[in-house]
Amino acid sequence: MLGTTAIEVEAARVEVRPANVRRVPQAGEAYDVVEIETDRGTTICRYYEAEGAHAGVVMVGGTGGGFDTPARGLYPRLAEDLPNHRISALRVRYRHPADLVESVVDTVLGMRYLESRGVPAIGLVGHSLGGAVVIQAAAGDPLVRVVVALSTGAAGTGPVASLAGRAAVLLIHGDADTVISPRSSEEVYRRAREPKRLVIYEGAGHTLDEAAESLAVEVKAWLLKHLPGTLV
């Protein structure tokens, strides 16, 4: 059972009271489904467990809903690969994918689940709205060591400066993004503190499909470099 969780998002304080957590194995899949029931509804996750995990990574999408993933299946690819490096992975499905506050709640609940499994350090990866979501979620949890924001907007990313010296920030955008300008990632990068990195892919749009292969390498390398206990 997860305890009551207090979450601050954009000056709003939200208390979430988990009522029940269920883990359901999925035949033929690399993940188990985790259902976290709370007084705000049920957050559903896909959990890829690593034996003896020294870290965990939570991945969230944008406003598309479901188990949204950018870059031609980046999230399932990463989630299946990371356990080979003793990193558990958790993909979170938002209850209300257009709502920043509720999406942060879902993400933090996923983080709390990983912590309940004994994971001592966490990385966060978010796409589009998910960029602001993971920055907000990281600001309230000292266990977060890595934040990756893909095609992020600038709105809601104010806490990025507070991650200084604690979490390594990677920002990736495509210069052909017609949904959110790459200038948004550039602005977030300016406000972030070291360690940080900004990558702009030429010819890539909002979903970053055009840069899928090199992006997967970039994100994995950043996670392995900055999550503690990982050898690269």
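The values are calculated or read from the model by the stated rules, or taken from the named source; none is laboratory data. Keep in mind it's a predicted model, so treat the numbers as computed, not measured. All Cβ positions, glycine included, derive from the backbone under ideal geometry; neighbour counts span all protein chains shown.
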Which of the residues belonging to the range 23-36 are part of a strand (DSSP E or B) and either over 30 Å from residue 76 (Cβ atoms) or within 19 Å of the chain's Cα centre (by Cα) (or both)? 32, 33, 34, 35, 36
Only one of (1) small (Gly, Ala, Ser); (2) crowded, with 24+ Cβ neighbours inside 10 Å; (3) over 17 Å from residue 78 (Cβ atoms); (4) under 18 Å from the mean Cα position of the chain (by Cα) does not apply to residue 123, and that is (3)
Checking the structure you have, find out if any residue of the range 176-192 is assigned to a strand (DSSP E or B) and either in contact (Cβ under 8 Å) with a residue 40 or more places away in the chain or touching a Ser or Thr at 6+ places or on another chain (Cβ under 8 Å) (or both). no
Within the range 203-210, does at least one residue satisfy the condition of being over 26 Å from residue 88 (Cβ atoms) and outside any loop (DSSP other than H, G, I, E, B)? yes
State which residue is farthest from the chain's Cα centre (by Cα) when the search covers only the range 140-153 and only residues that are without any contact (Cβ under 8 Å) to a residue 40 or more places away in the chain and under 22 Å from residue 6 (Cβ atoms). 142
Report yes if some residue within the range 61-71 is crowded, with 17+ Cβ neighbours inside 10 Å and either assigned to a strand (DSSP E or B) or free of Cβ contacts under 8 Å to residues at least 12 places away in the same chain (or both); otherwise report no. no
Taking the stated definitions as given, is residue 170 modelled with pLDDT of 95 or more, part of a helix (DSSP H, G or I) and either under 19 Å from residue 143 (Cα atoms) or touching a helix residue (DSSP H, G or I) at 6+ places or on another chain (Cβ under 8 Å) (or both)? no
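Table: residues versus (1) modelled with pLDDT of 95 or more; (2) in a helix (DSSP H, G or I); (3) over 19 Å from residue 87 (Cα atoms); (4) hydroxyl-bearing (Ser, Thr, Tyr).
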| position | (1), (2), (3), (4) |
| --- | --- |
| 119 | yes, no, no, no |
| 125 | yes, no, no, no |
| 132 | yes, yes, yes, no |
| 141 | no, no, no, no |
| 160 | yes, yes, yes, no |
For the range 80-107, what are the residues that are part of a strand (DSSP E or B) and buried (at least 24 other Cβ atoms within 10 Å of the Cβ)? 87, 88, 89, 90, 91, 92
Within the range 2-22, the residues that are of a type in the set (Lys, Arg), in a strand (DSSP E or B) and surrounded by 11 or more Cβ atoms within 10 Å (Cβ to Cβ) are 22
Across the range 171-186, the tally of residues that are more than 13 Å from the chain's Cα centre (by Cα) and either of a type in the set (A, V, I, L, M, F, W, C) or surrounded by 24 or more Cβ atoms within 10 Å (Cβ to Cβ) (or both) stands at 7
Identify, by number, the condition in (1) in contact (Cβ under 8 Å) with a residue 40 or more places away in the chain; (2) over 20 Å from residue 13 (Cβ atoms); (3) crowded, with 24+ Cβ neighbours inside 10 Å that residue 168 doesn't meet. (3)
